[in-house]
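Visitor: Here's a structure for you.
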Amino acid sequence: MSEGSQNLPPVPPPLPPKVLASRVEDVFPILNEEQIARIAVHGRTRAVGRGDLLAIAGQQAASFFVVTKGSIELVREANGSQEPIGALAPGQFTGELSTLAGRHALVSIRAREPGEVIEVRRDDMLGLVQTDNILGDIFMRAFILRRGEIIKQGFGDVILVGSNYCSSTIRIKEFLTRNGHPYAYMDLDRDSGAQELLDQFHVGPREVPVLICRGQAVLRNPSNAQIAECLGFNEAVDPGRVRDLVIIGAGPAGLAAAVYGASEGLDVLVLESEAPGGQAGSSSKIENYLGFPMGVTGQDLAGRALTQAVKFGAELMIAKSATRLSCEKRPYQIEVDPGSRIAARAVVIATGARYRKLKIDNLARFEGAGVYYGATAIEAQLCRDDDVVIVGGGNSAGQAAMFLSQTAKHVDILVRSAGLSESMSRYLIRRIEDSPNIQLHPRTEIVALDGNGRLERVTWRDNASGETTTHEVQHVFSMTGAVPSTGWIQGCLALDEDGFIKAGADLSADDLAAAHWPLARPPYLLETSRPGVFAVGDVRCGSVKRVASAVGEGSIAISFVHRALHE
Ligand SMILES: Cc1cc2nc3c(=O)[nH]c(=O)nc-3n(C[C@H](O)[C@H](O)[C@H](O)COP(=O)(O)OP(=O)(O)OC[C@H]3O[C@@H](n4cnc5c(N)ncnc54)[C@H](O)[C@@H]3O)c2cc1C
């Protein structure tokens, strides 16, 4: 692959990566000799020739490189051409979060001149990050900042072409955003070049949204699983290995279990049917989670937790649902669509809950096209300067009202009860009362939704007066609580009458007899009616439906997982 160095023009001195000029020294730090020597023990020192390719964009990046002599460049593949975006000099290193997680490289890496690098395999890099505090901090900080810069610059290997009025476009945007994957967006309603691009790929109007993956694959209205496959999200995972622990669900509870389990030496695999973050990932601002006095977005919290879990070596399968648990014998088998099985010595179920839906006949027509279940920056952008209706009287509804009132023209909150005092935190009620553009409608419910292609009108009834009124409103946020995601458990575990999983002291003697509990000891705290299968977070019967308690349960469960594994 090397071009050879004879008769070639001299190589100019390396420029720092130009896209990252704002904080180059943080994003591309220079290691000192002693630090380089510590890394060299974990890798292989090798010579490189000018033009040698060390990583190829779109392929799984197996190694990290530290430059010791000469320089290497980062090359972006765009529109069939290669654009160098910066060079690394001796002491600097390659890699970012996708490399750490074993995903596809976002840029190619090429030697600019004859030189030398230390090549560190991904597993060895994970070991180094976990065991060397100083180097671990330098690497993790750089990787996180690099990912942030890549997203800020819209510098991905993916272009999404769609319309903000289309539910699939919003689904795909949320999937990519919540997986922290950078993408460029072309809006069919505003961007004249978008249609030209679709024509170039012979895409008809019924096939949008379209995702152009690495400039090659054109995915027409793809499912989340197809996107995950095209971007290689799960490529590094070996589904055939029997794991110490399989965690099902990557909300706050599952991610906490992953961080604690992996950091305590367990071989951990997390299955997530959508994207990391769970319900919390759809929260615009969590203000009551310890340690974040200014609040934190659910997306930010989930992103940090995911990075932490990956740092400790936990593996994640994205857009993979557990569809069945075979619990008759150990190791337990978890069926994952489509049809494959994963074996686990212990299981933590953290599948949380799904949003309860409004009882309106034509609701499905407007889901994602005017009816939303989370209020993040994406939705806030969609309803800027418009009127908004929020249904629900809990904290999530209150947060959404406060958040959306900053950009929307007016916010109506509809609740069936007489007021908010029973269901919402006092601080939120006070803020709502003080907001001039938020109006509370007690004893009120939506009775009809109407529109052509997307939501245009909402009719609600004041149950106190019986009066029904229709309003020109294009955005309804449904925040009326959730039901447990346990349909896939199919008779394996004892559930309560609402479908939540019973665990620990909540299991009665009858529950244990019905499940043929085989051990002399009673179930541990958080352990279900099957030994070694634990339930944590919102999916557990009687749990406190909060981020902090989900995180607490996820971490506590790990100490009992250790005990169950040693039985
Ligand atoms: C809009 C909103 C705002 C909120 N704000 C706050 C707040 O400010 N403070 C607070 O303390 N709490 C808040 N909450 C509540 C908090 O988010 C939840 O209590 C918490 O997320 C529960 O975490 P969990 O991990 O148990 O479940 P979830 O967050 O529900 O996560 C479960 C995960 O499991 C996945 N999953 C489900 N089924 C399967 C399957 N079969 N296979 C694989 N994966 C599966 C789901 O996709 C999901 O990612 C809010 C909730 C919402 C909806």
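Visitor: Within region 522-558, count every residue that is more than 9 Å from the ligand (Cβ to nearest atom) and aliphatic (A, V, I, L, M). Break it down into steps so the answer makes sense when it comes.
Guide: Start the filter on region 522-558 by keeping residues that are more than 9 Å from the ligand (Cβ to nearest atom), which leaves 522-535, 541-542, 552, 555-558.
With aliphatic (A, V, I, L, M) added as a condition, the list becomes 525-526, 533, 535, 556-558.
Qualifying residue count for the region: 7.
Visitor: Kindly evaluate Arg416 against the criterion of being surrounded by 15 or more Cβ atoms within 10 Å (Cβ to Cβ) and touching a residue at least 12 places away in the same chain (Cβ under 8 Å). Walk me through it before giving the result.
Guide: Values: surrounded by 15 or more Cβ atoms within 10 Å (Cβ to Cβ): no; touching a residue at least 12 places away in the same chain (Cβ under 8 Å): yes.
No: the conditions fail for Arg416.
Visitor: From Leu269, Leu231, which residue is touching a Cys at 6+ places or on another chain (Cβ under 7 Å) and in contact (Cβ under 8 Å) with a residue 24 or more places away in the chain?
Guide: Leu231
Visitor: While we're looking at this one, here's another question. Does region 229-247 hold any residues that are surrounded by 24 or more Cβ atoms within 10 Å (Cβ to Cβ) and in contact with a helix residue (DSSP H, G or I) (Cβ under 7 Å, 6 or more places away or on another chain), and which are they?
Guide: Correct list: Leu245, Ile247.
Visitor: Let me ask something additional. Any chance region 201-210 includes a residue that's within 17 Å of Val161 (Cβ to Cβ), of a type in the set (Lys, Arg) and surrounded by 13 or more Cβ atoms within 10 Å (Cβ to Cβ)?
Guide: no
Visitor: Looking at Val447, Val458, which is the one that is within 21 Å of Asn164 (Cα to Cα) and in contact (Cβ under 8 Å) with a residue 12 or more places away in the chain? Outline the logic, then answer.
Guide: Values: Val447 fails: within 21 Å of Asn164 (Cα to Cα).
After ruling out the rest, the residue left standing is Val458.
Visitor: Of the residues that sit in region 359-371 and are under 22 Å from the mean Cα position of the chain (by Cα) and open to solvent by 10 Å² or more (accessible area, probe 1.4 Å), which one is nearest to Val296 (Cα to Cα)?
Guide: Gly368
Results for (1) near the ligand (Cβ under 7 Å from one of its atoms); (2) in contact with a strand residue (DSSP E or B) (Cβ under 7 Å, 6 or more places away or on another chain), shown as yes or no for each residue.
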{"position": "Leu271", "(1), (2)": "yes, yes"}
{"position": "Gly277", "(1), (2)": "yes, no"}
{"position": "Glu287", "(1), (2)": "yes, no"}
{"position": "Leu290", "(1), (2)": "no, no"}
{"position": "Phe312", "(1), (2)": "no, no"}
{"position": "Ala319", "(1), (2)": "no, no"}
{"position": "Glu335", "(1), (2)": "no, yes"}
{"position": "Gly339", "(1), (2)": "no, no"}
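Visitor: Looking at region 261-303, which of the residues that are of a type in the set (A, V, I, L, M, F, W, C) and modelled with pLDDT under 90 is farthest from the chain's Cα centre (by Cα)?
Guide: Kept after step one, since they are of a type in the set (A, V, I, L, M, F, W, C), are these residues of region 261-303: 262, 266, 268-271, 275, 280, 286, 290, 292, 294, 296, 301-302.
Going one step further and asking which of them are modelled with pLDDT under 90, we end up with 280, 286.
Details: Ala280: 10, Ile286: 16 Å.
Within region 261-303, the match that is farthest from the chain's Cα centre (by Cα) is Ile286.
Visitor: Based on this model, can you work out whether Val19 counts as modelled with pLDDT of 95 or more and under 30 Å from Tyr183 (Cβ atoms)? Show your work before the answer.
Guide: Numbers: modelled with pLDDT of 95 or more: no; under 30 Å from Tyr183 (Cβ atoms): yes.
Against the criterion (modelled with pLDDT of 95 or more and under 30 Å from Tyr183 (Cβ atoms)), Val19 does not qualify.
Visitor: Is there a residue in region 395-403 that is more than 16 Å from the ligand (Cβ to nearest atom), open to solvent by 60 Å² or more (accessible area, probe 1.4 Å) and under 25 Å from Ala369 (Cβ atoms)?
Guide: No, because not a single residue in region 395-403 is more than 16 Å from the ligand (Cβ to nearest atom), open to solvent by 60 Å² or more (accessible area, probe 1.4 Å) and under 25 Å from Ala369 (Cβ atoms).
Visitor: Of the conditions (1) more than 16 Å from the ligand (Cβ to nearest atom); (2) assigned to a loop (DSSP other than H, G, I, E, B); (3) under 24 Å from the mean Cα position of the chain (by Cα), Ala375 fails just one. Which one is it?
Guide: Among (1) more than 16 Å from the ligand (Cβ to nearest atom); (2) assigned to a loop (DSSP other than H, G, I, E, B); (3) under 24 Å from the mean Cα position of the chain (by Cα), the lone unmet condition for Ala375 is (1).
Visitor: Now, a different point. Looking only at region 553-567, count every residue that is open to solvent by 20 Å² or more (accessible area, probe 1.4 Å) and touching an Asp or Glu at 6+ places or on another chain (Cβ under 9 Å) and tell me the total.
Guide: The total comes to 4.
Visitor: Give the residue, chosen from Gly43, Gly49, that is open to solvent by less than 70 Å² (accessible area, probe 1.4 Å), within 15 Å of Ile109 (Cα to Cα), at pLDDT 95 or above and not charged (D, E, K, R). Spell out how you get there, then give the answer.
Guide: Values: Gly43 fails: within 15 Å of Ile109 (Cα to Cα).
Every option except Gly49 fails the conditions.
Visitor: Also, quick follow-up: So which residues in region 292-308 are touching a helix residue (DSSP H, G or I) at 6+ places or on another chain (Cβ under 7 Å), more than 10 Å from the ligand (Cβ to nearest atom) and not aliphatic (A, V, I, L, M)?
Guide: Listed by number, the residues that qualify are Gln299, Thr307, Gln308.
Visitor: Test Ser421 against the criterion of being more than 14 Å from the ligand (Cβ to nearest atom), open to solvent by 20 Å² or more (accessible area, probe 1.4 Å), touching a helix residue (DSSP H, G or I) at 6+ places or on another chain (Cβ under 8 Å) and small (Gly, Ala, Ser), and give yes or no. Reasoning before the result, please.
Guide: Numbers: more than 14 Å from the ligand (Cβ to nearest atom): yes; open to solvent by 20 Å² or more (accessible area, probe 1.4 Å): yes; touching a helix residue (DSSP H, G or I) at 6+ places or on another chain (Cβ under 8 Å): yes; small (Gly, Ala, Ser): yes.
Criteria met by Ser421.
Visitor: Look through region 321-333, keep the residues that are open to solvent by less than 60 Å² (accessible area, probe 1.4 Å) and not in a strand (DSSP E or B), and return whichever of them is nearest to the ligand (Cβ to nearest atom). It would help to see each step written out before you state the result.
Guide: Initially, region 321-333 is screened for residues open to solvent by less than 60 Å² (accessible area, probe 1.4 Å), giving 321-323, 325-327, 331-333.
Next, only the ones that are not in a strand (DSSP E or B) stay: 321, 327, 331.
Numbers: Ser321: 4, Cys327: 15, Pro331: 18 Å.
Filtering region 321-333 for residues that are open to solvent by less than 60 Å² (accessible area, probe 1.4 Å) and not in a strand (DSSP E or B), the one nearest to the ligand (Cβ to nearest atom) comes out as Ser321.
Visitor: For Asp387, state whether it is among the acidic types (Asp, Glu) and surrounded by 15 or more Cβ atoms within 10 Å (Cβ to Cβ).
Guide: Values: among the acidic types (Asp, Glu): yes; surrounded by 15 or more Cβ atoms within 10 Å (Cβ to Cβ): yes.
So Asp387 fits the description; yes.
Visitor: Filter region 486-521 down to the residues that are out of contact with any helix residue (DSSP H, G or I) (no Cβ under 8 Å at 6 or more places or on another chain) and of a type in the set (Asp, Glu), then identify the one that is farthest from the ligand (Cβ to nearest atom).
Guide: Applying the filter and picking the extreme gives Asp510.
Visitor: Kindly indicate the residue of region 342-358 that is open to solvent by 50 Å² or more (accessible area, probe 1.4 Å) and either touching a Cys at 6+ places or on another chain (Cβ under 7 Å) or at pLDDT below 95 (or both) and also nearest to Arg461 (Cα to Cα) among those meeting that condition. Walk me through how you get there before you give the answer.
Guide: Within region 342-358, the first condition is being open to solvent by 50 Å² or more (accessible area, probe 1.4 Å), and the residues that meet it are 345, 354-357.
Next, only the ones that are either touching a Cys at 6+ places or on another chain (Cβ under 7 Å) or at pLDDT below 95 (or both) stay: 354-357.
Values: Arg354: 26, Tyr355: 22, Arg356: 20, Lys357: 18 Å.
Checking each candidate, the answer is Lys357.
Visitor: Another question, if that's okay. When the residues of region 134-179 are narrowed to those that are touching a Lys or Arg at 6+ places or on another chain (Cβ under 9 Å), of a type in the set (A, V, I, L, M) and under 22 Å from Gly298 (Cα atoms), which ends up most open to solvent (accessible area, probe 1.4 Å)?
Guide: Selected residue: Ile144.
Visitor: Across region 290-319, what is the number of residues that are open to solvent by less than 50 Å² (accessible area, probe 1.4 Å) and in a loop (DSSP other than H, G, I, E, B)?
Guide: 4
The values are calculated or read from the model by the stated rules, or taken from the named source; none is laboratory data. The structure presented is a predicted model; accordingly, all values stated were derived computationally and were not measured. No Cβ is skipped: glycine too gets one built from the backbone with ideal geometry, and neighbour counts run over all protein chains shown. SASA here: full protein model, heavy atoms, side chains in, ligands and nucleic acids out. Shrake-Rupley method; radii C 1.70, N 1.55, O 1.52, S 1.80 Å.
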